[in-house]
């Protein structure tokens, strides 16, 4: 088990992401995956109010009714939840309403972790942090968290909280995988320095690292969803994926299992967030726990991809070392 920030709360080495619930996975498939995760000892589940327009939270709420006290539940808010002009963002108005709606869908009186899903340039960080503090004091949120925030933004938030004596950010959720390694530059070191847990999403790069898009011929989110096409459509990324899949085949590893294990092995990572459309697809991610990711193996895999330059951009000094 791993520790959630500085809280003393123990979470499983994998977090199950419920983004597919109510969308790519119907209730029956969602129930199968939930059971498989629980049977393996996973106690940490992640969702968001925007996933399938709230259906993800509703389905998770039903599935966890008999085991709520055994689980660590995280959800997120920021994205639009309605057509109203103010039904989005990190204003106190939206956050409080979004949380109440999430609690109803999840059929619980509190969430263990609440992420602000994105940074909101319209809302001063102290205003957003005070809104989280009020939720913590009301007992409806146990631990504040941030998703998709830059390292300096997280540090600013922590500074405001510490200066005010408020409940502190305990977790962050960045994108991180073999072709998206920007988190290594400042996000992961910042989290380590502050004792903040890191739960990265997309460890298999939306399926790119599975090999299904070899020669760009596969069908899936990267080929059908503009957001994922933009995120993972660069030629060099597909080249890395091809090399990675070949590397895994030579060593008898499933590429998805290896991709998840690679993310999990970074010293700044607490637990990767895994997800799937079906129980069959999920199995490879669960099998990541069987891989012994030694430092040597991690470095071999890392060498297949581009190493991002250090924060100072003085790559020549890094090479000297």
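The values are calculated or read from the model by the stated rules, or taken from the named source; none is laboratory data. This one's a predicted model, so the numbers in the text were calculated from it and none came from an experiment. Note: ideal-geometry Cβ built from the backbone for every residue, glycine included; neighbour counts use all protein chains shown.
Against the list (1) crowded, with 18+ Cβ neighbours inside 10 Å; (2) closer than 16 Å to residue 293 by Cα, the condition residue 231 fails is (2).
How about segment 163-191: which of its residues are assigned to a loop (DSSP other than H, G, I, E, B) and under 13 Å from the mean Cα position of the chain (by Cα)?
Within segment 163-191, the subset assigned to a loop (DSSP other than H, G, I, E, B) is 165-170, 174, 176, 178-179, 181, 185-186.
Once the filter is applied, which keeps residues that are assigned to a loop (DSSP other than H, G, I, E, B) and under 13 Å from the mean Cα position of the chain (by Cα), segment 163-191 yields 174, 176.
Of all residues in segment 23-45, those that are within 19 Å of residue 286 (Cα to Cα), in contact with a helix residue (DSSP H, G or I) (Cβ under 8 Å, 6 or more places away or on another chain) and not in a helix (DSSP H, G or I) total 4. The residue list 230, 258, 241 contains one member that is modelled with pLDDT under 95 and either in a helix (DSSP H, G or I) or more than 25 Å from residue 38 (Cβ to Cβ) (or both), which is 230. Going through segment 106-125 one residue at a time, which ones are more than 17 Å from residue 174 (Cα to Cα), under 21 Å from the mean Cα position of the chain (by Cα) and outside any loop (DSSP other than H, G, I, E, B)? Selection gives 106, 111, 112.
Consider segment 209-220 and keep the residues that are surrounded by 18 or more Cβ atoms within 10 Å (Cβ to Cβ) and either in a helix (DSSP H, G or I) or in contact with a strand residue (DSSP E or B) (Cβ under 7 Å, 6 or more places away or on another chain) (or both). The one that is modelled with the highest pLDDT is 209. Residue 252 passes every criterion in (1) over 26 Å from residue 116 (Cα atoms); (2) assigned to a helix (DSSP H, G or I) apart from (2).
Just to verify a result, which residue in segment 239-276, among those that are in contact (Cβ under 8 Å) with a residue 60 or more places away in the chain and surrounded by fewer than 18 Cβ atoms within 10 Å (Cβ to Cβ), is nearest to residue 306 (Cα to Cα)?
To start, the set of residues in segment 239-276 that are in contact (Cβ under 8 Å) with a residue 60 or more places away in the chain comprises 240-241, 243-244, 259-260, 262-264, 266-276.
Among the residues that remain, those that are also surrounded by fewer than 18 Cβ atoms within 10 Å (Cβ to Cβ) are: 243, 267.
Working: 243: 12, 267: 19 Å.
Per the criteria, the residue is 243.
Note on segment 277-287: among residues that are closer than 26 Å to residue 197 by Cα and in contact with a helix residue (DSSP H, G or I) (Cβ under 6 Å, 6 or more places away or on another chain), the one that is surrounded by the most Cβ atoms within 10 Å (Cβ to Cβ) is 285.
Any residue in segment 13-22 that is outside any loop (DSSP other than H, G, I, E, B) and in contact with a helix residue (DSSP H, G or I) (Cβ under 7 Å, 6 or more places away or on another chain)?
Within segment 13-22, one or more residues are outside any loop (DSSP other than H, G, I, E, B) and in contact with a helix residue (DSSP H, G or I) (Cβ under 7 Å, 6 or more places away or on another chain).
Among the candidates 101, 128, 74, 48, the residue that is crowded, with 20+ Cβ neighbours inside 10 Å, in a helix (DSSP H, G or I), touching a residue at least 24 places away in the same chain (Cβ under 8 Å) and out of contact with any helix residue (DSSP H, G or I) (no Cβ under 6 Å at 6 or more places or on another chain) is uniquely 128. When each of 79, 90 is tested for being free of Cβ contacts under 8 Å to residues at least 60 places away in the same chain, touching a strand residue (DSSP E or B) at 6+ places or on another chain (Cβ under 8 Å), within 23 Å of residue 196 (Cβ to Cβ) and part of a loop (DSSP other than H, G, I, E, B), the lone residue that passes is 90.
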